[in-house]
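I have placed the structure first, in the form of structure tokens, so that the comments after it can refer back to it.
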Amino acid sequence: GKTQHPMYEYFLKK
Amino acid sequence: MFEARLIQGSVLKKMIDAIKDIVTDINLDCSSTGISVQAMDSGHVCLVLIELGSDGFEPYRCDRNITLGLGLKALSVVVRCANNDDSITIKAQEGTDNINFVFESPNGEKTSQFEIKLMDIDSEHLGIPDTEYDSVVKMPSHEFQRICRDMSQLGDSIVVACTKDGIQFSASGDMGSGKINLRQSSLVDKEEDQINIELNDPVHLTFALRYLNYFTKATPLSPTVTLSLKAESPLCVTYPIGDFGSMKFFLAPKIDD
């Protein structure tokens, strides 16, 4: 199956 | 003092309609260059970014950078009281905990004033890197909306594949499967009906249709939408707002366990 990863894993917290 | 008047108030109504199913509260970050909003859904799966340049407002005044926290429910209730051809002025004084909205009819005969309490919203800002996308596809926004709606009848996920032959959307589920192919248009009367595909590298990604269907609520904002795709990176769905701003939605791809 496929899972959805949260945005945090792509865009860094400022 | 912050004051911004949007001549076409309906734009604000459309913006709120586009995001109210995804986020509950927003911070309006106001500076001398304009207004920006960054918000994520509660699951932190998708991110909304609104950017409005000060040149879209007349007048626009922002003496000092100010962050205005608003609940979308209240904002939605208030903005719905404006007529589509009203202008909308947003006003906030420094040091107060209210934001004011003034609606004016085009002939100036009717003015309405509303006030909403500001909220202290603790939001995390993410840095969105400049990205060189593998493929950038511009298409009519109603076409993208239709594809997402149709594909969600078949399954929860949509596979988006860009090759030199065009862009393919596909979905499958218990009932069966479907594929929709779009090719770059050659001769089209209206520019907004054009499908334009820029391809640097072929790309193949899977996304949750639930979110894409939320994003397409922004369709009334613009006749065109741009999909920017890159392998293993979030999809960026961009709706231009007039010639002074944009609403962008970012969605991380689904990846194999």
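Take the conditions (1) buried (at least 18 other Cβ atoms within 10 Å of the Cβ); (2) more than 30 Å from B:Gly69 (Cα to Cα); (3) modelled with pLDDT under 95; (4) of a type in the set (A, V, I, L, M); B:Leu187 misses just one of them, which is (1). Filtering the stretch B:221-257 to residues that are in a loop (DSSP other than H, G, I, E, B), surrounded by fewer than 20 Cβ atoms within 10 Å (Cβ to Cβ) and among the hydrophobic types (A, V, I, L, M, F, W, C) leaves B:Ala231, B:Phe244. Of all residues in the stretch B:201-236, those satisfying the criterion of being within 14 Å of chain A (Cβ to nearest Cβ), closer than 17 Å to B:Gln168 by Cβ and touching a helix residue (DSSP H, G or I) at 6+ places or on another chain (Cβ under 8 Å) are B:Leu209, B:Leu212. For B:Asn213, indicate whether it is more than 21 Å from A:Glu9 (Cα to Cα) and out of contact with any strand residue (DSSP E or B) (no Cβ under 6 Å at 6 or more places or on another chain). Here the answer is yes, as B:Asn213 does meet what is asked. The condition (being touching a residue at least 12 places away in the same chain (Cβ under 8 Å) and of a type in the set (Gly, Ala, Ser)) is satisfied by just one residue among B:Ser186, B:Ser222: B:Ser222. Of the candidates B:Ser42, B:Ser36, B:Ser123, the single residue that is in a loop (DSSP other than H, G, I, E, B), in contact with a strand residue (DSSP E or B) (Cβ under 7 Å, 6 or more places away or on another chain), within 23 Å of B:Phe249 (Cα to Cα) and among the small types (Gly, Ala, Ser) is B:Ser123. One residue alone among B:Ile197, B:Ile167, B:Ile180 is touching a Phe, Trp or Tyr at 6+ places or on another chain (Cβ under 7 Å) and not in a helix (DSSP H, G or I), and that residue is B:Ile180. Identify, please: which residue in the stretch B:107-155 is modelled with pLDDT under 95 and surrounded by 18 or more Cβ atoms within 10 Å (Cβ to Cβ) and is, among those, nearest to B:Cys236 (Cα to Cα)? Checked the stretch B:107-155; the qualifying residue nearest to B:Cys236 (Cα to Cα) is B:Ile128.
The values are calculated or read from the model by the stated rules, or taken from the named source; none is laboratory data. The structure presented is a predicted model; accordingly, all values stated were derived computationally and were not measured. For neighbour counting, all protein chains shown are included, and Cβ atoms are generated from backbone atoms with ideal geometry for every residue, glycine included.
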